[in-house]
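The values are calculated or read from the model by the stated rules, or taken from the named source; none is laboratory data. Owing to the predicted nature of the structure, the values given are computational and were not obtained by experimental measurement. Note that we place each Cβ from the backbone using ideal geometry, even for glycine, and neighbour counts take in every protein chain shown. Note: areas computed on protein heavy atoms with side chains; ligands, DNA, RNA excluded. Shrake-Rupley method; radii C 1.70, N 1.55, O 1.52, S 1.80 Å.
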Amino acid sequence: MDNHLFLQRRERLMALKSRREGKSPQVRAVAGKCPGCGAAIPKAELAKNLYVCPECGRHHPIGAYLRLSLILDPNSFRELDERLAAPNALNFPGYDDKLKALRRATGLTEGAVSARGRIDGRECVACVLDSRFFMGSMGSALGEKVTRAVEHAQKYKLPLIIFSASGGARMQEGILSLMQMAKTSAALERFSRAGGFYISVFTHPTTGGVTASFASLGDITLAEPGALIGFAGPRVIEQTIGEKLPDGFQRSEYLEEHGFVDAIVPRGELRAALARLLMLHERGNRRG
Amino acid sequence: MADRTAEQRVALARRAGRPGTADYIAHLFTDFFECRGDRLCREDPSILGGVALYYGRPVTVLGHRKGKSLEENLTCNFGMPGPEGYRKAQRLMKQAEKFRRPVITFIDTPGAYPGLEAEARGQGEAIASTLALMSALTVPAVAVVTGEGGSGGALALGVANAVLMLENAVYSVLSPEGFASILWKDSARSGEAAELMKLTAADLLELGVVDAVIPEPEEGAHTAPEAVYAAVDQALAAHLTPLLKIRDCAGHRYQKFRAMGALAASGREGL
Ligand SMILES: [Zn+2]
């Protein structure tokens, strides 16, 4: 069924979507003035540098399709559960309208995109959270998408890579949002016990329920430089303890120092690092 | 059951004098032996746990502990565990599995502690790995939400085959105050938030998040604790007994949590 024409069409679609992400208002704002150093970076230069500020090294958030296009081999992308979307289960006022507006603005149906593809020829399942959609917050659909990505990887005995970026819970889905923490963690535990290999990549920012569930359960845990990673948000902590937090608190480097991250990998080196990890964990290379 | 607003139930759930984990352990179990410490860093008194007999059968009991006096409240950090509390819980759950004991948990916490040391020692990782471990336990697990079920810090003890909830307990993704301040930048609108959040036992039963609601005395659990112990005991025994006969407890639990939000999410597929 997977003939060349289909693959080309999918590829064009991803290219279209990632180009659109390169033109998003967020990217334009960053190009105008880098929040890290204040420098104005021409958009083309920013794009060439994978949206990392050439002046200060700040890794700016990028869209899910753009992320996938940076790590997957050409012509290997196949999206999974593309149309999965959550209804307004709690009848939360204004939620439907907000979802509709975000879908129009971002071209996404939910805050995560799942795909099957290859990295340096090795097949894998990749799921990418997108902070432009409700801050990548975890509602039912996002939790379901992550869970289905895990189950797909388990079914086809593929390695799994999840890129996290999330503000935490999807307030409008209340308790159902909370339950996604249990659902995704349970699926990953099953996957792990079945011998599945999971790489978790923290990107800026990842907090709340996503940190306290699937993002913290990787066999290998990577982080982009300078990403904010935590359970409680910095403002909540400051309010609780009544002090200013030290510089660098809850950043990737802080987590690495405290033993919660295997390696901090700059965006430009991520594809190569993932390829090497997939090679090292290839089923053919396992004994016993 | 009494007719109350969500806001009134939030107040009752938090009320001083409401029976807590230590009370349930004292009244429902015998020969309780408290197990302390996570074997990694320290003892966290905000989670109380150990081994006890329940109708003559050894069980592992775990629950959040808020403390009864101000002094105890401070020792127990008002029931807000740090990572060490969750790692102690994991240690006890693993032992439960080793010795084939059912796990019974009591949930009553405003949430996991949002503090500097808690973050430094991996609060997120501690909760995540507890969720994963509890989800796959091969022994039966029953959770009872007795007071405040606050966020991931509550859920970490709540991945059970049966989840029961007291009539005036609440269970939510965060506090109504936090919810109002995030959504409307106004924590004073917490009453309004409580209504919207669907955090009462009746709401959660309807959403399929809890399996049964345990009725309380007319004026709340603190007014007649003895009646509450009896009601919790009865519900606990009724839900634990059939679970003892299930061969694949982990599979049963997986299906239960796998379904949370799954139907809702697929409802609009083809958008
Ligand atoms: Zn910069």
Each residue of A:135-141 has, on average, a number of other protein chain C-beta atoms within 10 Å of its C-beta equal to 3
Env charge @ A:D247, Cβ radius under 14 Å, K,R +1 / D,E -1, value -2
With a 1.4 angstrom probe the carbon and sulfur portion of accessible area for region B:4-45, in percent, totals 52
Share of accessible surface on carbon and sulfur in region A:206-288, whole %, 1.4 Å probe and ligands ignored, is 48
Reported to the nearest 10 Å², B:M260 has, with a 1.4 Å probe, an accessible area equal to 10
Under 27 Å between C-alpha atoms, the lysine pairs in chain A lying 8 or more places apart or on different chains count 24
Log10 I(q)/I(0) at q = 0.12, 0.13, 0.17 Å⁻¹ for chain A, from Debye over equal alpha-carbon scatterers, is -0.76, -0.90, -1.58
In whole angstrom, the spacing between the Cα centers of region B:111-167 and region A:138-176 equals 19
Taking B:195-202, A:14-21 and ranking on average Cβ neighbours within 10 Å, highest first, one gets B:195-202, A:14-21
Ordering B:117-127, A:37-47 by per-residue average of other C-beta atoms within 10 angstrom, highest first, gives B:117-127, A:37-47
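For B:F33 and B:E7, calculate 0.36 nm times their separation in residues minus their Cα-Cα distance, and state this gained length in nm to one decimal.
Going from the current span to full extension adds 5.7 nm.
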Note: B:108-119 gets an average of partner chain Cβ contacts (10 Å, Cβ to Cβ) equal to 5
As straight-line cross-link partners of B:K68, the qualifying lysines (C-alpha separation under 23 Å, not fewer than 8 residues apart within one chain) are B:K88
DSSP beta bridges in region A:63-283: the antiparallel percent, rounded to 5, is 40
Per-residue accessible area, 1.4 Å probe, largest first, puts A:D130, B:D186, A:D247 in the order A:D247, B:D186, A:D130
Amide H proximity to A:S166 below 5 Å, modelled H, separation 5+ or other chain, gives A:T206, A:T207
Taking N as the number of residues in chain B, the ratio of its alpha carbon radius of gyration to 2.2 N^0.38 Å works out to 0.96
Inter-chain shielding metric for A:46-53, i.e. average beta-carbon neighbours from other chains within 10 angstrom, reads 0
Sorted on mean Cβ neighbours within 10 Å (highest first), peptides A:203-216, A:92-105, A:64-77 come out as A:203-216, A:64-77, A:92-105
Taking chain B and counting helices only, DSSP H stretches of n ≥ 4 at -39,500 (n - 2.57) each over all residues, the nearest-500 ellipticity at 222 nm comes to -12500 deg cm²/dmol
Probe 1.4 Å, heavy atoms of protein chains only: per residue, the accessible area of region A:63-283 in Å² is 34
Taking 0.36 nm per residue of separation between A:R12 and A:K33 and subtracting their Cα-Cα distance, the length gained on full extension comes to 4.5 nm
Compactness check, region B:79-223: C-alpha Rg relative to the 2.2 N^0.38 Å globular estimate gives 1.09
Of all chymotrypsin sites (Phe, Trp or Tyr not before Pro) in region B:5-77, the ones in DSSP coil with at most 15 other Cβ atoms within 10 Å are B:Y55
Buried accessible area between A and B, both sides, 1.4 Å probe, in Å² rounded to 100, is 4500
